[in-house]
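Inspection log for the structure reproduced underneath, given as structure tokens.
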Amino acid sequence: MITARTVVAGVVGQPIGHSLSPVLHNAWLAAAGIDGVYVAFAPRAEGFAAFVEGQRGGGAIRGVNVTVPFKEAALAAADEASARARLAGAANLLVFETDGRIRADNTDGVGLLAAFDEQAPGFDPAAGPVAVLGAGGAARGAVAALLLAGTPEVRVLNRTLSKAQDLAIDLGRKVAPSSLAGARGAFAGVTAVINATAAGMAGGPGLDVPLEATPRDAVVMDMFYKPLETPFLARAKALGRRTVDGLEMLVQQAAPSFEALFGAQPPGIDVRALALKAMGQ
Ligand code: ATR
């Protein structure tokens, strides 16, 4: 039941109709018996700043998760940001304080590492070099999370080499940029390969990289999860590599977001199963 005390939070993106975040958060709210609701907002691309500024009045929306294409704009709109959000250059969480201030955070990085813990137990991000495919916003977030977790070297491979080089200039000397053509050499000795490119979405064949050049015990992760088993993950599995899927990252980033928005830890219900059902899998 919606009451005069119902806490309103949500997710902002464009498009947003297929977001799984409302499924996760509302299931947690119901199970925890919290008087709250989590809805989806889709402002016009040029309307995002006005949407955020409109929350400075206080007493309206408690906060929002932020997704494509607004994560960088969310960081820019905030008055203060956590170190991890600044390093990622993006925010996936905005909290609207009652005094009108806006705080930005980024829980994608902890979500990424928690997904490894869940699906590849024993993986240690500090144990050796990791390869990240892509150099867009998603890749930058992954690189930032790895650096904060102590990864000694992050090899960033991108179709457009200059973008990988720009990312390395931004994030420091532990980042080694190369083109996708250099994948065979870059995969030698890695503990993990993380796909942060959009290739393979929407039924495409996925990135054609020589995963067989990775060590046998390397973990292969895909940040994208539509379908849950991407062609990239299917190839890794066929090679006998342990894999981590992007849906687990989504679930794991949602937990600290829920805590920030509703002030309680999410209850231990199987929201991954609910998300899979909502995806029709
Ligand atoms: P996001 O914020 O989701 O990371 P983005 O900033 O548009 O999105 O970045 C998309 C990434 O996917 C880029 O690294 C892009 O490579 P380029 O920089 O060369 O464009 C990569 N990408 C997209 N489609 C790809 C494809 N078919 N093959 C290889 N890389 C691809």
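Here, each number is a calculation from the coordinates, and none is a lab measurement. For clarity, every value in this text was computed on a predicted model and none was experimentally measured. Positions of Cβ are generated from backbone atoms using ideal geometry, with glycine treated the same way; all protein chains shown enter the neighbour counts.
The mean sequence separation of alpha-carbon pairs under 8 Å and at least six residues apart, normalised by the residue count of the chain, gives a relative contact order of 17 percent.
Send over the Kirkwood Rh of the stretch 120-205, from the inverse of the averaged 1/r over different Cα pairs, rounded to one decimal Å. Intermediate results must be reported in sequence, preceding the final value.
Values: mean 1/r = 0.0781 Å⁻¹.
Result for the stretch 120-205, one decimal place: 12.8 Å.
Report Rg/Rh for the stretch 24-87, rounded to two decimals, where Rg is the Cα radius of gyration and Rh the Kirkwood radius. Over the Cα atoms of the stretch 24-87, Rg/Rh equals 1.00.
Near the amide H of Gly36, within less than 5 Å, lie the amide hydrogens of Val7, all on another chain or at least 5 residues away, with H placed in the peptide plane.
Between Ser162 and Ala213, the simple label model (points 7 Å from Cα in the Cβ direction) yields a spacing of 2.4 nm.
Name the shape class, rounded, prolate or oblate, that the alpha-carbon gyration tensor gives for the stretch 66-218, where a ≥ b ≥ c are the square roots of its eigenvalues, rounded holds for a/c under 1.5, and otherwise prolate holds if a/b is larger than b/c and oblate otherwise. Could the numbers behind the result be given before it?
Values: a/c = 1.92, a/b = 1.69, b/c = 1.14.
Judged from the Cα gyration tensor, the stretch 66-218 comes out prolate (a/c at least 1.5, a/b above b/c).
Nearest 5 is fine: what % of DSSP beta bridges in the chain come out antiparallel, could you say? Could you put the intermediate results ahead of the total?
Numbers: 7 of 40 bridges.
Counting only bridges with both partners in the chain, antiparallel ones make up about 20 percent.
Sorted largest first, the spans of the alpha carbon positions of the chain along the three principal axes are 59, 38, 32 Å.
Straight distance only, please: which lysines reach the Cα of Lys163 with their own Cα at less than 18 Å, same-chain residues fewer than 8 apart left out? By straight Cα distance, Lys163 reaches Lys174.
Remark: the stretch 135-281 is approximated by an ellipsoid whose semi-axes, taken from the C-alpha gyration tensor as √(5λ), come to 27, 20, 14 Å, largest first.
The alpha carbon centroids of the stretch 214-281 and the stretch 1-33 are separated by 20 Å.
In the stretch 109-244, taking the dipole from charged Cβ atoms about the Cα centre, the farthest positive-side position among Leu167, Gly185, Ala236 is held by Gly185.
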